[in-house]
Structure formats: C-alpha cells, structure tokens
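No value in this document is a laboratory result; all are computed from the given coordinates. Quick caveat: nothing in here was measured; it's all calculated off a predicted structure. Backbone-built Cβ (ideal geometry, glycine too); neighbour counts: all protein chains shown.
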Amino acid sequence: LILITGILLIVSVLISFRLSKRFANPITMISKQAESFTSGQFKMKINDTSNDEIGVLAKRMNEMGEALMRNEVLQKDIIANVSHELRTPLTLIRGYAETLRDVTGENPDKRKKHLDIIVEESERLSNIVEDILNLSQLQSGALTLVKESFSLKEMLIKIREHYELQEETRIFQLKGAIELKENLLGDKKKIEQVFYNLIDNAFRHTKEDDLVEVVVTQQIDRVKIEVMDHGEGIAKEDLDHIFERYYRGKRVDGKKSKGSGLGLAIVKSIMELHQMPFGVESELGEGTTFWFELEKVNSHTSF
C-alpha cells in the first residue's frame, strides 16, 4: 500500500505539472501578447491550434493583432493623405498671395486671375476640413439621426436650383422623382449630403457633355435612388474599396482622381446609420451607378 501510494503520488504530481504547464503556457503567451499590443507592437502571434477555450482566445487575440495592425497602417495613410491634401491648397494660396502682393498689383487681369485661384483653393481647403470633421463625427457615433418625413421631389429640385445658382455648367437630370407622391423617412440634412456627394462625384468623373441622371424607382415600401453617369467608369479592382476613406482609384488616363477621398466614405457612414442598403455598379468606359434605398413614410418596416 505504501509503495502504491508513493507511485500514485509521483504520477499525480507529474500529471499535475504537465497539465498546469499546458494551461499556463498559453495564458502566459496571451499575457505577453497583450503587453506587446499596449506598447504598439502588433506582429506577435500565438501558435495555439487547440479547439478549447484557451485556443479560441488565442485565435481571437491573433485576429485582434491583425486588425490593430491594419488600423495602424490606415492611420498612417490617413495622416499622410491629410497632410498632402492640406499642404497643396495652402501652398497655392500662399504662393499666389505673395505674387499678388509683389508682382501683379498693377495688372488687373492677373490680379483677378490670382484672386480667383486663392478663393477656389480656400474653398477646397474648407471642404476638406469639413469632410474630415463630418466623417469623424459620423464614425465616432457623436452624431445621431434626426429622422423625419420629407419630400424627395422638393429636395432634388432644391439641390438642382443650388447648382443653377452657383452658375454650374453641369446640371443633372431627374427621372421618376416628380411622380413620387409619398414622403420618405430619414435624416433630411444627411440625405441631402449623400446627394451632393454622389452628384459631385459624378460630375468630377465625366465630361461636360456627358449625361448625369438621378433616377427614382418606386418599390412597395421603399424607394430606390440611383445617381447614374456615362463617364469613365470604375475598374473592378477599385470597386471593393471605393467606399473606403481616402481611397481614390486611378482614372482611365492613369491619373489619380480628384477630390479628398472622403465623400463616398461619408455616404457609406450615413447609409449605415440609416440601416439602408446601398452600393455601386460600374464598368470601365460605360459609366457608374451609385444607388441607395430609403423607406416611405407609410412603410411598416421600422428603422
């Protein structure tokens, strides 16, 4: 009995040691991984392929590290893009202001041309800053929806009048909006912003003689709205990234598209807040269609 008891004691100690080591090592590795995350190092991974709770936790920690690494890369890209976008108009404004002061003061034509450039770049700078603030507020959850009943027809007519008052050479065409009698549900100001962003985007990627249309199609309890152009289109490899922040695909001529790269990201955030479907369809050389849906006031579907 004494011998058997001694053997069982030794075996139990060995088994306990092996089990404790098996459970303790992954926990220690997870602790070290968490410490590396807090110091900004996201490359560390745990090679635990077990299917128990600790193995699942290790896999989730690895996924977290990959997500944090992607966010770090995105943050660096955002800082670089914002710096570049802000530096360009500031440089132009300063350069033309100095030229205006030192050289063209006595030449009215040059002075007017340089003043126009200063005003244009100032507006561009203001729009970039406003887009950054809007996107930050939307994605941080600081802004909430103010849902109300509104007339889509009146909104689109007002937007078209806005472009006419701004003496824009490009005016979009309306199809189906005039016939719409029901009001829609949504945040009126944010939906207006969606329209402005999509229409500006269509104008930016088409020629002056290309047609831009806003097409409204009625469904049972919703309305589908499409902003269609017949311009250069979007490459297939760009379609999956078109709603990302600061993503600007290449144009047909190989150049980067103009704009801050925030307009479509703002559209995405607004539509996600409304919990409404949206998307894009495009072919190179055939044009692009951005679409989204909104609910009618008499719809029984809740937000």
Give me the distance in nm between label points sitting 7 Å out from Cα along the Cα-to-Cβ direction at E120 and V146, one decimal. 3.5
Residues of region 201-226 with backbone nitrogen within less than 18 Å of a virtual label 7 Å along the Cα-to-Cβ line of L284, please, listed as ranges. 205-206
Expected vector for region 225-236, Karplus 3J(HN,Hα) from phi with 6.51, -1.76, 1.60 and θ = phi - 60°, integer Hz, x for Gly and Pro, equals 10, 10, 10, 10, 10, 10, x, 6, x, 10, 5, 4
Please go through the residue pairs K181/K224; K224/K296; K153/K175; K190/K236; K158/K268 and name each one whose alpha carbons sit more than 18 Å apart in this structure. K190/K236; K158/K268
Once R0 is set to 35 Å, what does the formula 1/(1 + (r/R0)^6) return for the Cβ-Cβ distance between I10 and L57, expressed as a FRET efficiency to the nearest 0.05? 0.60
Three-way shape call for region 116-225 based on the alpha-carbon gyration tensor, with the a/c threshold at 1.5: oblate
Nearest 0.05, what FRET efficiency do E208 and A67 give at R0 = 35 Å with Cβ-Cβ as r? 0.20
Cross-link reach from K45 to aspartates and glutamates, straight Cα distance under 19 Å and at least 8 residues apart if same chain, gives E35, E53, E63, E66, E72
